[in-house]
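What follows is calculated from the coordinates using simple rules that are stated; it is not laboratory data. The model shown is predicted, which means the values in this text are computed figures rather than measured ones. Please note: Cβ atoms are built from the backbone with ideal geometry, for glycine as well, and neighbour counts cover all protein chains shown.
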Amino acid sequence: ARHDVYVRLHKRILDVIETVVPVVHVRSIDEVVCNLLPSEGDRAEDLARQRSARC
């Protein structure tokens, strides 16, 4: 119904995610694949919280 709004929000969310971790693949409007460096593996939950706080 409001596809343009969803697309703009999706792009904004991707921009925020990429400030924390690189996006490797976009699977859908609400699912992306990111690769963490080995040193970031233990910090995955912290990174997720950072992304949530920025959105």
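Out of the chain, which trypsin sites (Lys or Arg not before Pro) are coil in DSSP terms and have no more than 16 other C-beta atoms within 10 Å? It would help to have the intermediate numbers written out before the result.
Details: sites: R2, R8, K11, R12, R27, R43, R49, R51, R54; in loops: R2.
Qualifying residues, ordered by number: R2.
Ordered from longest to shortest, the equivalent ellipsoid semi-axes for the chain are 23, 12, 8 Å, each the square root of 5 times a Cα gyration tensor eigenvalue. Computed 3J(HN,Hα) for the range 17-27, one whole-Hz value per residue from the Karplus formula 6.51 cos²θ - 1.76 cosθ + 1.60 where θ = phi - 60°, is 4, 5, 6, 10, 8, x, 8, 8, 8, 9, 8, glycine and proline marked x.
Cβ-Cβ distance of H10 and V33, R₀ of 22 Å, FRET efficiency by 1/(1 + (r/R0)^6): the value works out to about 0.90.
Count neighbours as other Cβ atoms within 10 Å of each site's Cβ, and list the GluC sites (Glu not before Pro) in the range 4-55 that are DSSP loop with at most 11 such neighbours. Within the range 4-55, no GluC sites (Glu not before Pro) qualify (loop, at most 11 other Cβ atoms within 10 Å). Distances between placed amide hydrogens fall under 5 Å for V32 paired with R27, all partners being 5 or more residues away or on another chain. In terms of other Cβ atoms within 10 Å, I17, I29 run from fewest to most in the order I29, I17.
Return the calculated 222 nm mean residue ellipticity for the chain, to the nearest 500 deg cm²/dmol, obtained by summing -39500 (n - 2.57) across DSSP H runs with n ≥ 4 and dividing by the residue count.
Values: 2 runs with 27 residues, N = 55.
Calculated from helices alone, the mean residue ellipticity at 222 nm is -15500 deg cm²/dmol.
Note on the chain: with charges restricted to the Cβ of Lys and Arg (+1) and Asp and Glu (-1), its dipole about the Cα centre is near 280 debye.
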